Amino acid sequence: MKLRRSMMFIPGDNAGMLSNSYIYKPDSVMFDLEDAVSLTEKDSARLLVFNTLKANLYTGIETVVRINGVETPFWEQDLDMAVRGGVEVIRLPKTENVSEVREIEKKLEIIEKNCGRNVGETKIIAAIESAIGVVNSVAIAACTPRMVAIALAGFDYLVDMQTSRSSGSEPELFYARAAVLHAARAAKIDAFDVAYGDVNDEEGFLREVKIAKNLGFNGKSLIHPRQIELLHKAYAPPKEAVDHAEKVIQAAKDAREKGLGVVSLDGKMIDPPVIHEAERVLLLAQNS
Amino acid sequence: MKIIKKGMAGTLESSDVLVVISPNNDIGLKLVLQSKVEKQFGSAIRMCVKNTLAMCGVSDAVIEVRDQGALECVIKARVEAAAYRAAGETNSRFEVPS
């Protein structure tokens, strides 16, 4: 089981941030070669990210590279660099249909074979940033075993929907959040909520975190290190939940040692999903 | 890789390094280094620059390096980018030296 609460964005051409951001301990770090990098610096950013990956600065943190979209002349070199650099996950921007993922998969397989990595080792996160992407998200989420999560990206999506961000309950994102999350859960993969752009607005950020957490998102894409600790604290389970989870795990252990097929706690039978949830609660508590 | 024009990569921001590579009218590498940490790391930076250029197949060039406390991985990346640009090559080769 892997925690994916925080995916911290780092511009691929920012040497300082690439050199230091591991100290903030996000669950995942995303080196961005797309929107954060100007057209004239794509080559240089690629080399910077490659050498950063090879330096193993981010041990214990999931490494993700956001490549340029398949409609650009950059994505194949981005992919070549990332796989050869040993990245764990490729984030595909503006994913609208399964054929885009298939194209990436085909290329990934060739690069993995050429550089001696296991075929299928490099995972994919599809970012959903349009109305058509949301509509197709069920198929996108389930189209390959490489897919480990889908991420909703709010800015482009809201432009496509001809609306803008409001404060409060954010009705403009409600359908997309619910749809993308259902697509992820149906495919048994993780889901990231949108990034929150105003880094100085802690109250607004935490309000949005609460919405995402209550809906069931694993976490959020983040654009500033100061959001990491806030997010992790918000996802920390309450003490009662931790106490209960410990009892469930102990009961499961006792049953296993006694050779019992059925686990029970306080006279109630415990199903495997309850044990799985208890493990997740303890993992969250240990990493908060 | 033959250096045919001036190629530049990097910035003067903290933790980065600005590398300028130009053709050398003479044979060999001529390296000029400016660094706030030259006393402690000057020889390591020079070695990193020369090894990276050797890996890229650059034997003749003038290299100006203005270091702002960059890590080795950043220096390598900026030297490679400047070399590719100075050689007029657009496709980098992502190879890991053994």
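Which angle between 0 and 90 degrees, to the nearest 10, do you get for helix B:38-56 versus the longest principal axis of chain B when only C-alpha atoms count?
20
Nearest 10 degrees, 0 to 90: what angle lies between the long axis of helix A:226-235 and the longest principal axis of chain A (Cα atoms)?
With rounding to tens, the tilt is 30 degrees.
Per residue of the stretch A:194-209, in order, report the coupling 6.51 cos²θ - 1.76 cosθ + 1.60 (Karplus, θ = phi - 60°) as ³J(HN,Hα) in whole Hz, putting x for Gly and Pro.
5, 6, 9, x, 8, 6, 8, 9, 5, 4, x, 4, 5, 4, 6, 4
What average count of beta carbons from other chains do you get within 10 Å of the Cβ of residues in B:74-83?
Rounded to a whole number, the mean comes out at 6.
Counting only residues 5 or more places away or on other chains, whose amide H sits under 5 Å from the amide H of B:L29 once H atoms are built in the peptide plane?
For B:L29, whose amide H was placed from the backbone, the distant partners under 5 Å are B:A61.
How far is helix A:272-286 tilted off the main Cα axis of chain A, in degrees rounded to 10, range 0 to 90?
70
Please turn the phi angles of the stretch B:27-34 into ³J(HN,Hα) values with the Karplus equation 6.51 cos²θ - 1.76 cosθ + 1.60 (θ = phi - 60°), one per residue in order, whole Hz, x for glycine and proline.
Those phi angles translate into 8, x, 9, 10, 10, 10, 10, 10 Hz.
In the protein assembly as shown, what % of DSSP beta bridges are antiparallel (nearest 5)?
Close to 25 percent.
Sort A:K258, B:K5 by Cβ crowding within 10 Å, fewest neighbours at the top.
Fewest-to-most Cβ neighbours within 10 Å comes out as A:K258, B:K5.
Quick one: which residues, 5 or more positions from A:G219 or on another chain, have an amide H under 5 Å from its amide H? H modelled 1.01 Å from N in the peptide plane, none for Pro or chain starts.
Under 5 Å from the amide H of A:G219: A:A191, A:D193.
Quick one: compute the contact order of the stretch A:7-50, relative version, from alpha carbon pairs under 8 angstrom and 6+ residues apart, as a percent.
Here the relative contact order equals 50 percent.
Have a look at A:A241, A:A139, A:A131 and tell me which one the Gaussian network model of chain A (Cα, springs below 10 Å) gives the largest fluctuation.
Fluctuation is largest for A:A241.
If I build a Gaussian network model for chain A, linking alpha-carbon pairs within less than 10 angstrom, which residue out of A:S221, A:S44, A:S167 has the largest mean-square fluctuation?
Its mean-square fluctuation being the largest, the pick is A:S167.
Kindly work out what percent of the DSSP beta bridges joining two residues of the stretch B:7-87 are antiparallel, to the nearest 5.
55
Can you list residues from other chains, or at least 5 along the same chain, whose modelled amide H is less than 5 Å from the amide H of A:S264?
It is A:I270, by chain and number.
In peptide B:9-20, what is the residue-averaged number of other protein chain Cβ atoms found within 10 Å of each Cβ?
Per residue, the average neighbour count from other chains is 3.
How would the stretch B:7-87 be classified by its alpha-carbon gyration tensor: rounded, prolate or oblate, with rounded meaning a/c under 1.5 and the a/b versus b/c comparison settling the rest?
prolate
What lysines sit close enough to A:K268 to cross-link, taking a C-alpha to C-alpha distance under 21 Å and skipping anything fewer than 8 places away on the same chain?
Result set, ordered by chain and number: A:K247, A:K253, A:K258.
Under the rule a/c < 1.5 gives rounded, and otherwise a/b versus b/c splits prolate from oblate, where does chain A land using the Cα gyration tensor?
prolate
Past 30 Å, Cα to Cα, is the threshold; run A:K106/A:K213; A:K2/A:K210; A:K2/A:K54; B:K2/B:K39; A:K54/B:K6 against it and keep the listed order.
Over 30 Å Cα-Cα: A:K106/A:K213; B:K2/B:K39.
What number, in percent, do you get for the relative contact order of chain A if the mean sequence gap of Cα pairs under 8 Å and at least 6 apart is divided by its residue count?
Answer for chain A is 15 percent.
Which residue, A:G261, A:G197, A:G69, tops the fluctuation ranking in a GNM of chain A built on C-alpha contacts under 10 Å?
A:G261
Every read-out reported here was derived from the displayed coordinates using simple, explicitly stated rules and does not represent laboratory data. If you're wondering where the values come from, they're calculated on a predicted model, not measured in any experiment. All Cβ positions, glycine included, derive from the backbone under ideal geometry; neighbour counts span all protein chains shown.
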